[in-house]
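Quick notes on the structure that follows.
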Amino acid sequence: MTEVKRTPNYTDEMVEQMVADYQENPTKDTVAVLARQFQKTTRSIVAKLVREGVYVAQPRTTKTGAPVV
């Protein structure tokens, strides 16, 4: 049986840049910029940041700005 070589979605350099950029400015806008820059979805970027242990979820609020109970 032949071995299948997997191609990673993110290079080490991409991950280092994502982590550095996100830690510098941890917002949804930063995630959106990274997604455009790397031609990935925002969910993919968030998933990678979660796996790296740096993503911090934004607090959820209602339409009036009150925290969700």
Treating only Lys and Arg (+1) and Asp and Glu (-1) as charged, each at its beta carbon, one finds that the chain has a dipole about its Cα centre, in Debye to the nearest 20, of 480 debye
Potential lengthening between Glu16 and Gln37 on full extension [0.36 nm per residue; Cα-Cα distance subtracted]: 6.2 nm
Provide, in order from the shortest bin, the percent of all Cα-Cα pairs of the chain in each 10 Å bin, continuing until the bin that contains the maximum pair distance. 18, 43, 23, 12, 3, 1
Roughly what would the spin-label model give for Lys28 and Asn9, points 7 Å off Cα along C-beta, in nm? 2.1 nm
Got a sec to turn the phi values of segment 9-24 into Karplus ³J(HN,Hα) couplings, 6.51 cos²θ - 1.76 cosθ + 1.60 with θ = phi - 60°, whole Hz, x for Gly and Pro? 6, 10, 7, 4, 5, 5, 5, 4, 5, 4, 4, 5, 5, 5, 5, 5
Cut-off under 5 Å, modelled amide H: who pairs with Tyr55 long-range: Val50
Descending packing, highest mean Cβ count within 10 Å first, for 60-66, 8-14 is 8-14, 60-66
In whole Hz, what ³J(HN,Hα) sequence does segment 34-45 give by Karplus (6.51, -1.76, 1.60; θ = phi - 60°), x for Gly and Pro? 4, 4, 5, 4, 9, 6, 10, 7, 5, 4, 5, 5
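Readers should treat all values here as calculations from the given coordinates under stated rules, not as data from a laboratory. Computed from a predicted structure; not experimentally measured. We place every Cβ from the backbone using ideal geometry, glycine too, and count neighbours over all the protein chains shown.
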